[in-house]
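**Q** Pasting a structure here, questions to come.
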Amino acid sequence: MTMCDHPMLLAVLQEGPRVFGVHLVGVGPMTGRKLLLTAAFVAALYIASYLLRWILRLVLGDTSSGRAAFWSRQGVKLSTVIVLVVGVISIWFDDPGRLGTAAGLVTAGVAVALQRVITSFAAYLIILRGRVYTVGDRITMGGVRGDVVALGFMQTTVMEMGEPPAVQGAPPSVWVNARQYTGRLVRVSNDKIFDAPVYNYTRVFPFFWEELHLPIKYGDDRARVEQILLDAARQHTAPYIEEASRAAVALREGYTLPEKIELGPSVYYRLTDNWLELSLRFVVPERGVRGIKDAMSRQILAELEKAKIGLASGTYAIVEFPPIRIEDGRSGVRTPDGAR
């Protein structure tokens, strides 16, 4: 008589083991085989994903840190997840009726327990499909400003940058007084795109308008100062005007904007109680702004010194100083010169 002919052993193989007469539901040879098949499937899928990423690194070579590598990695990740989900479902649910019931229960539980995770993953799909931003873009999201260096299913990693002094008070506090890296890597949950605006500096129009404010005395040659400002702006922004013009055309094609977008530098006057403020407005690329403004400031300062024009500043005059009396209980009252 073989092992399979034994009645008790045959029952165990068919129905699963019993403990103190209690049948353990779901524990049986079929479950064991499915577990082994699942483990083998996951291992094979992991090896295939690793080999595919390795091949992509060989093909892309030195550009493995660029956008092509990013999109390639995202494609491999998404494909791996889809194949994994479909494969595991196919192994464990061979009955469509059982699959529908189990899927309903699992979906209800997961929706409650992993609400933020599901929202973050949905945001990830919207980011990819809606072209909100991608790796390499300069953005502000969730109170974090900087360049996107990594994009995952749940989180976006941003290389933080500083801000000009005028907006230093905005959270989070940073110590760099310009749009340059602070050195901090910040992880932001993808679901922030549903809660707050996302500012993208580079998606369609990778330029923005900067301003430089200069106070001068009312009696100075303001026409000369205005010409100095315009000359400096034209010299240091001329290489970007043509490229900005092409970007402006693409911007008008995708969005409803005025027919004319002024890209050349211009100067505006503002009257104050103490001085005349000249505001120089000019277009700069999204990166390297601090260097451009530094070169412009040095040139403007040198030209103002040649023209013998100084910058205005606030002054205060004391028109009257009241007399001082010092009283000493031992020697009477003394005046400031020591006389009694």
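Here, each number is a calculation from the coordinates, and none is a lab measurement. What you see is a predicted model; the values in this text were computed from it and never measured. Cβ atoms come from the backbone with ideal geometry, glycine included; neighbour counts cover every protein chain shown.
**Q** Within the set LYS260/LYS293; LYS77/LYS192; LYS192/LYS293, which residue pairs have Cα atoms separated by over 24 Å?
**A** Violating the 24 Å Cα-Cα cut-off are LYS260/LYS293; LYS192/LYS293.
**Q** To the nearest 0.05, what FRET efficiency results for LEU257 and HIS213 with a Förster distance of 30 Å applied to their C-beta separation?
**A** Values: r = 27 Å, r/R0 = 0.88.
The computed FRET efficiency comes out at 0.70.
**Q** Ok, one more. Karplus couplings for segment 141-148 from phi (6.51 cos²θ - 1.76 cosθ + 1.60, θ = phi - 60°), rounded to Hz, Gly and Pro as x?
**A** Per-residue couplings from phi come out as 8, x, x, 10, 10, x, 9, 6 Hz.
**Q** List the extent of the Cα atoms of segment 207-306 along each of their three principal axes, largest first, rounded to whole Å.
**A** 47, 26, 18
**Q** Next question, about the same structure. Could you work out how much longer the chain between VAL83 and SER297 gets when fully extended? Use 0.36 nm per residue separation minus the Cα distance between them, nm to one decimal. Kindly include the intermediate steps, with their values, before the conclusion.
**A** Numbers: separation 214, 0.36 × 214 = 77.04 nm, distance 5.77 nm.
Contour length minus Cα-Cα distance gives 71.3 nm.
**Q** So what are the ³J(HN,Hα) numbers for segment 202-210, from phi and the Karplus equation (6.51, -1.76, 1.60; θ = phi - 60°), rounded to whole Hz, Gly and Pro as x?
**A** With coefficients 6.51, -1.76 and 1.60, one gets 10, 4, 10, 10, x, 9, 8, 8, 10 Hz.
**Q** Kindly write out, for segment 269-286 in residue order, the coupling ³J(HN,Hα) from the Karplus curve 6.51 cos²θ - 1.76 cosθ + 1.60 (θ = phi - 60°), rounded to whole Hz, with x marking Gly and Pro.
**A** Values, residue by residue: 9, 9, 7, 10, 5, 10, 7, 9, 9, 9, 10, 8, 10, 8, 9, 9, x, 5 Hz.
**Q** Amide H neighbours of ASP137 under 5 Å, at least 5 residues apart or on other chains, H built in the peptide plane: list them.
**A** The list, which skips near neighbours in sequence, is VAL148.
**Q** Report the far tail of the P(r) of segment 199-262, meaning the percent of Cα-Cα pairs longer than 15 Å. Mind dumping the intermediate values first?
**A** Details: 1289 of 2016 pairs.
Within segment 199-262, distances greater than 15 Å cover 64 percent of Cα pairs.
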